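Here is the structure we will look at.
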Amino acid sequence: MAESTAPTKVILDANEAVASVAYRLNEVIAIYPITPASPMGEWADQWSHEECKNIWGVVPRVVELQSEAGAAGALHGAIQTGALGTTFTSSQGLLLMIPNMYKIAGELTPAVIHVASRAIATHALSIFGDHSDAMAVRSTGFALLASNSVQEAQDMALIAHAATLESRIPFLHFFDGFRTSHEIAKITPLSDDDLRSMIDDVRVREHRDRALTPDRPVLRGTAQNPDVFFQAREAANPFYFACPAIVQQVMDRFAERTGRSYQLFDYIGAPDAERVIVLMGSAAGAVEETIDVVQARGEKVGLLKVRLLRPFALEAFLSALPVTTRAIAVLDRTKEPGALGEPLYMDVVTAVGEAFDQASGKWAAVLERPRVIGGRYGLSSKEFTPAMAKAIFDELKKEKPRNHLTIGIKDDVSFTSIDYDPGFSVENPRVTRAIFYGLGSDGTVGANKNTIKIIGEETPCFVQGYFVYDSKKSGSVTVSHLRFGPQPIRSSYLISKANFVACHQFNFLERMDVLEAAEPGAVFLLNSPFAADSVWQHLPLRTQEQIISKRLQFFVVDGYAVARETGMGSRMNTIMQTCFFAISGVLPRDEAIAAIKASIKKSYGKLGEAVVQRNFAAVEATLANLQGVHVPEHALSTFNILPPVSSQAPSFVRDVLGVMISGHGDSLPVSAMPQGGTFPTGTSTWEKRNIALEIPVWDESLCIQCGKCVLVCPHSVIRAKVYDSSLLGGAPTTFKSAKPRWREFETLKYTLQVSPEDCTGCRLCVEACPVKSKSEAKHKAINMAPQPPLRENESANWEYFLSIPEMDRGLLSHTQVRDVQLLEPLFEFSGACAGCGETPYIKLLTQLFGDRAVIANATGCSSIYGGNLPTTPYTKNLAGRGPAWSNSLFEDNAEFGLGMRLALDKQTEYARSLVSSLSGQIGTALSQEILSADQSTEAGIAAQRERVSAVRRSLADTTLTEGQDLLAVCDSLIKKSLWIVGGDGWAYDIGFGGLDHVLSSGVNVNILVLDTEVYSNTGGQMSKATPRGAVAKYAAAGKSTAKKDLALEAISYGDVYVARVAMGGNDTQTLKAFQEAESFNGPSLIIAYSHCIAHGYDMAFGMKQQKAAVLSGYWPLLRYDPRVRKQGKNPFQLDSKAPTVPLRDYIYAEARYSMLARSDPETAQTLLRLAEDDVARRWEIYEDRAAMHGSDLGREEPLTELLPVGARAVPSDGEK
Amino acid sequence: MNLTTTYMGFTLKNPIVASSSPLCDSVSNIRALEDSGVSAVVLPSIFEEQLQLEEEYLDQDLVRGTESFGESLSYFPLLRDYNLGPAGHLELIRKAKSAVSIPVIASLNGTSRSGWIQYARNAQQAGCDAIELNLYSLVTDPMRTSSQVENDYCELVRVLKSSLRIPLAVKLSHFATAPANLAGQLDVAGATALVLFNRFYQPDFDIEQLEVTPRLTLSHSQELLLRLHWVAIIYGRVQSDLAITGGVHTVEDVIKSMMAGAKVAMMTSALLQKGVHHASSVLAELGHWMEEHEYESIRQMRGSMSYRSAPNPAAFERVNYMRTLSSYVLARKEAPV
């Protein structure tokens, strides 16, 4: 954070800049993670941990709540009691704060909420930026203050805090999510003295004087009746009337001190403009750049930037708008379906209307009211470019410009969109524009962030860094957009004309046109395993053509070889950064190299001298290996860039998802999108990502066919089948098979097959393999080998393998891992992290129950890898059945699933009544069979399916209303499995109230908690599942309290099935738990230990760590089955043995614990002791519980009589 | 009675030194060792590879999966310091020096020349009284000869000695073709003391899991014999002081070490097994024994059973080996059937 004597310039993103101001001006900071605002909380927590002080010399208290609703409540309480308080949020989080926002504003209490604005989930979730969140709270009474750049975000943060204290109106300060929150820029920082000078201590004391205190007791929060509520509501008006002037005064004081001047409405452009765009947020930068160019051509255009949207200052607006304005385009970055127009448009229409109605001021002499049109742009961070701004200005020239338009998309459904010329560019030739293609974690982004720092700090240049990430968590492509120039950079859009392009992964060329944005004469740097004299023949035709036609200067370096040789492993940050400086000419070479070294020292110094020296060595080796390529005159490559998906793919996958995969989703028209957000399943199989450098290879001679590799594979890329040997006749020559080790299948064949193009190379399977060669112990039954030489053959083998029929499910034991490997997974090739600890459980769920499962999925990792476009992993079997999946929200998933269950049950009930009443039509025997069907086994379910098919056949031509109704609901006669899936953030924190309620409902739902012990999806923030002693974000000092025992809480109900499982600890117990949970006719809860990348170790060892967690007693395996009470036995079954491994041996294999032991050994030691005590204490409780005698309850009574009312409502035939 | 001895220029109150072990990894333990009479301590080794590996692993663990996905650009908070590198060891040296009055010897175990020199200087700067180099390199390259390895050792000692102002001990492995010659070379290279011999982890096999598992067992008095043998042979032939480590458990072991020619007897396993107070018991017993046997000083007995002073020096040579074998054969033959 900024020091009290601030440097002239700093390089940071808006989240850090805003957090720095907010931290220094507050005492209580309530936080909760949500993208893209989480880093603000993370900074605050870290500074608090480091005991940084606010401007009054106090270390603010930073507290994480269980939800944004909780954060808002805590904020409300803190400010009511006289503290200065703040919070940070976004999107859904802001919606959860709304009730408290009304209260805070209604009570005229100063506070600021900083919002990295993000789309609100509607037809789909989006983590990207638009103003739909801020616009949703317009009526709360908060002042709404917008900032448009990193510099402004910092400045407005201070202005908001100063203005709230002076006006007593709480402020919501918002800036564009990602575009501003995550853009790195060079800005002038605000010192502590700047902050002090802007905050009036008298106002602070007045705030404290209004606080609730028993020393001056008052009562706040009365209930008012019709007689006075209205009047009391209007009593606040004077504060709102006064607020805009106060904000302007604060802005003026700010300008006086810093030289940066802001207005409530800032006008840019021709003083006599005829056409004006009105908008807020980062798009202002693109419009400003456009105005510079268009104005130079003699056009009279301007931009009115709205800063204070609420309270809307009519006079300030009219005064800022040139009186010459003839046409106004108001652009909203939000959508209000069904409204006459979007909010800002409506405000401007009203403002202009009132100006003319009143005919006051400078507008009195204007005879003709300017035309106002409204439009939408940039939803969910859709690009807004100068080309679009130009199109808007051009539209305003028209006699009848399009109103309620959209820009940036092709709307061929409602025809709202206007065209623009994508070739129009205002890129400044004096600005260096560089694009870098990298792979997540390969160091590309880190290197670029360093580059920005170096250039920003070592030169007078202004800098901008913006990073585009993939929708996948494994093997993801990152694209870095860097600009460096002599003037502040306003370009709030991606680079479309680059003078430097670097591709850090050679295999990207196979499928991506990385040179699309390269401008003529640009420099192209390629990380290539081929040297300068041989690389050319390995380039696709399109790439060769562009290099030639654009006369690119082409360089290669074998970054991975340099990394290997210098001990850098697979990280190339230093190497590729060195190349950039060596050939881009941004800095003199020697100066640049010295700066890189200084930066290495700074970045890695605390990680030790060895790391520093290794990086130094890499710099030197890079310079020796960087080669210029002589470019031939002709492109003669025999191959070209591959299509994104196979031509065999279904048309929707080919024409829509394929376009998205190729990176051209922006070009898809509105008509290509399913309305209402419904998508087909089974699409991930078409996205062959080829991200594994090595894949597992089966040794059929060693394999004992235990199925462990299949079970643990997080991506369903290892599968097994048993089949008739005659099927081998048409198999490819390299297709492997073995004699099955099942006695009953001995005459058949067994094959274990890997999908080479879908594997992520995580190595979890190899680590799980229990077999070692007797003559070479390192050789297992499955071993990693380089993918490229295997790809072609193994792809053919995989295709052939898929063509082999699936095993008859009825022949297999569904409680044996060995048999379960033969069940078809209906969850495959997700974008989860390589080696993910969650997905094996989900895959198992789909293997066991997938063809009749409905899944309610809480927001989080599992909703992202489960439902993030372009392709999704849930799929169907040959019969077309598979999981139906939906994500509602983060906070309400249990309730969402409950609703689904109730709906399914209600339809079953209705279908059963129709079967009864239509028995004449469908046959008495069939009706009876249907109504009394036992669906407790696979065979029973299959038989019921047959019966339902028979009903369909018999009613195919019915004209009876009841018959047609039965056809609509008859599938509900087949047993459905309802699963409520989510992570610990949902189950332990934000969704716990709902989860608890659903557990208490007695309704037959299955709840799977994928417990990674942190908010994994948002980057590892602490949850109540985080163990004591682990470092997490929001727990930088190590979590000081113990993990919540969710299992015991659920067990306390007595009639909830509860299991705690860890696949790596005991896979059979896991299987049993899934079967028991599903078969239990009431609420079931499975808490599944899920190793996670946020634990800080190589996930290849995830299952081993799971085992260590169990053996150390940290994760005792248990099952609590209320049905067992019926047998007079103790339902509490402890499935693991007393601890045999010291806790420290388990935990210190993970960086989340060991980093604390390094950073703060004494605290780590204290927490370890307490954690050991936690383990011992809990083990004692569990042992006692497991040793308790059985219950007499239920001995004489049938189980259903013991179940709560909700559960009894379902059919009592053993169905779920 | 005079129990004092000299070692690397220090006058020690008695010949029992605590050798490098986890016992010496905290100031409280070091203080307890001093209280129990130990005359000097050797701190746990700074392992160059371990420090480097720790740095590398932490670096990898903290960045794994970062900058890949827009919602989770990192997974851990940045902490101010990770205490990596030799900082923890150096801090221990500093604290130990201020906590005790006995000499504190730092121990280094390295692989690269730059690592040795850097850590040795760091340790000297942190205030240790002397440095003990643990020359344990596993030469797995079959192309490297023993003379190449020995030359490297000597060169390292020369370079280190010239860059340090404090005394330098060299701890040897018994894996040398000609230990006496190597001792001589190291003596010439500048070693202030030679410590015979180090003990180390040995790979063991888990035949159920087919895995190689490192293993370290505590020493027993039987292991002393090897040390006695070589100290007795080397004694008087080098300028360097000699120290025995490995197998020193009892008062007899201490006495034998002195008689072989060592100036100090280093103890670890016995202290780990019996506790720190064991040193005081052995010292008391040493006093009694010397009194009973009318020894005036340690100095008096030093080297009295060495190769050059023993009544039957042939016992140290090959002929003794043959005799032992034949007596074993005879014993077998004479044993009752």
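The values are calculated or read from the model by the stated rules, or taken from the named source; none is laboratory data. Here the structure is a predicted model, which means the values were calculated and not measured. Cβ coordinates were reconstructed from backbone atoms using ideal geometry, including for glycine residues, and neighbour counts include every protein chain displayed. Keep in mind that these areas ignore ligands, DNA and RNA; they rest on the heavy atoms of the full protein, side chains included. Shrake-Rupley method; radii C 1.70, N 1.55, O 1.52, S 1.80 Å.
Looking at the stretch A:231-375, the accessible area is 41 square angstrom per residue; that uses a 1.4 Å probe and ignores ligands, DNA and RNA. A simple spin-label model places pseudo-atoms 7 Å from Cα toward Cβ; at A:Glu700 and A:Val631 they are separated by 5.0 nm.
Only Lys, Arg, Asp and Glu carry charge here, each on its Cβ (+1 for the first two, -1 for the last two); on that basis the stretch A:57-184 has a dipole of about 260 debye about its Cα centre. For A:Leu439, the amide hydrogen comes within under 5 Å of the amide hydrogens of A:Thr444, A:Thr478, counting only partners 5 or more places away or on other chains and with H modelled in the peptide plane.
Amide H contacts for A:Ala1059 (H built 1.01 Å from N in the peptide plane; partners 5 or more residues away or on another chain; cut-off under 5 Å): A:Leu1085, A:Ile1086, A:Ile1087, A:Tyr1120.
Couplings 3J(HN,Hα) of the stretch A:1166-1173, computed from phi: 4, 5, 4, 4, 5, 5, 4, 5 Hz, in residue order, whole Hz [Karplus 6.51 cos²θ - 1.76 cosθ + 1.60, θ = phi - 60°; x for Gly and Pro].
Across B:Asn83, B:Asn134, B:Asn151, mean-square fluctuation computed from a Gaussian network of chain B (C-alpha pairs under 10 Å connected) peaks at B:Asn83. In the stretch A:409-441, the residues that give up 20 Å² or more of accessible area when the other protein chains are added, compared with the chain on its own (1.4 Å probe), are A:Ser441. For chain A, the residue among A:Pro1027, A:Gly1082, A:Ile184 whose Cα projects farthest onto the positive side of the dipole built from Cβ charges is A:Pro1027. Mean per-residue shielding of peptide A:1146-1159 is 3, counting Cβ atoms of other chains within 10 Å of each Cβ.
What the stretch B:20-75 shows is 34 Å² of accessible area per residue, with the surface traced by a 1.4 Å probe over protein heavy atoms. Entry comment: accessible area of the stretch A:57-111 is 27 Å² per residue, from protein heavy atoms only and a probe of 1.4 Å. By a 1.4 Å probe calculation restricted to protein chains, A:Thr681 has an accessible surface near 50 Å², given to the nearest 10. Between B and A, buried accessible area from a 1.4 angstrom probe totals roughly 4000 Å², ignoring ligands, DNA and RNA.
Among B:Phe47, B:Phe69, the order of accessible area from largest down is B:Phe47, B:Phe69, computed with a 1.4 Å probe on protein heavy atoms.
Ordered from largest to smallest accessible area (heavy atoms of protein chains, 1.4 Å probe), the residues A:Cys970, A:Cys706 come out as A:Cys706, A:Cys970. Its Cα centre serving as origin, the protein assembly as shown has a Cβ charge dipole (Lys and Arg +1, Asp and Glu -1) of approximately 1580 debye.
Here's how it looks for A:Arg376: its modeled amide H is under 5 Å from those of A:Asp332, A:Leu405, A:Thr406, A:Ile407, which are all 5 or more places away or on a different chain.
Assuming 0.36 nm per residue, please report the length gained on full extension of the stretch B:Asn151 to B:Thr217 beyond their Cα-Cα distance.
Answer, rounded to one decimal: 20.7 nm.
Applying 0.36 nm per residue to the separation of A:Lys739 and A:Met673 and subtracting their alpha-carbon distance, the gain on full extension is 18.9 nm. Using the Cβ-Cβ distance between A:Ser949 and A:Glu336 with R0 set to 56 Å, the FRET efficiency works out to roughly 0.75.
Only protein heavy atoms count here; under a 1.4 Å probe, A:Tyr874 has an accessible surface of about 10 Å².
For the residues A:Phe652, A:Phe580, B:Phe175, a 1.4 Å probe over the protein chains yields an accessible-area ranking, largest first, of B:Phe175, A:Phe652, A:Phe580.
Write down the percent of antiparallel bridges among all DSSP beta bridges whose residues are both part of the protein assembly as shown, to the nearest 5. So the antiparallel bridges in the protein assembly as shown amount to around 35 percent.
Legend: residues in the stretch A:595-641 shielded by at least 40 square angstrom of accessible surface upon adding the remaining protein chains to the isolated chain (1.4 Å probe, heavy atoms) are A:Lys606, A:Leu607, A:Ala610, A:Arg614. Using a 1.4 Å probe on the protein chains only, how many percent of the accessible area of chain A belongs to carbon and sulfur? Heavy-atom surface of chain A belonging to carbon and sulfur, 1.4 Å probe: 53 percent. In this label model, A:Phe230 and A:Ala255 are separated by 4.2 nm, measuring between points 7 Å along each Cα→Cβ vector. Residue by residue along A:1082-1093, Cβ atoms of other protein chains within 10 Å of the local Cβ number 1 on average. Around the Cα centre of chain B, unit charges on the Cβ atoms of Lys, Arg, Asp and Glu (plus for the first two, minus for the last two) sum to a dipole of about 1320 debye. Computed from the C-beta positions of A:Val1141 and A:Glu909, the FRET efficiency with R₀ = 60 Å rounds to 0.75.
Atom-type composition of the exposed protein surface of chain B places 53 percent of the accessible area on carbon and sulfur (1.4 angstrom probe).
In terms of packing, defined here as the mean over residues of other Cβ atoms within 10 angstrom, the peptides A:167-174, A:861-868 line up highest first as A:167-174, A:861-868. In order along the stretch A:721-727, phi translates into HN-Hα couplings of 9, 10, 7, 5, 5, 5, 5 Hz, rounded to whole numbers, per the Karplus curve 6.51 cos²θ - 1.76 cosθ + 1.60 with θ = phi - 60° and x for Gly and Pro.
Measuring with a 1.4 angstrom probe and ignoring ligands and nucleic acids, A:Ile855 comes out at about 0 Å² accessible. With no solvent and one point on each alpha carbon, what is the Debye value of log10 I(q)/I(0) for chain A at q = 0.04, 0.06, 0.08 Å⁻¹? The Debye formula, applied to the Cα set alone, gives -0.24, -0.56, -1.01.
Take peptide B:50-63, look around each residue's Cβ out to 10 angstrom, count Cβ atoms belonging to other protein chains, and average those counts.
The mean count of partner-chain Cβ atoms within 10 Å per residue comes to 6.
Distance between the pseudo-spin-label points of A:Arg138 and A:Ser570 (7 Å out from Cα toward the beta carbon): 4.9 nm. Karplus-based coupling profile of the stretch B:49-54, in residue order and whole Hz: 5, 5, 4, 5, 5, 4, with θ = phi - 60° in 6.51 cos²θ - 1.76 cosθ + 1.60 and x standing for Gly or Pro.
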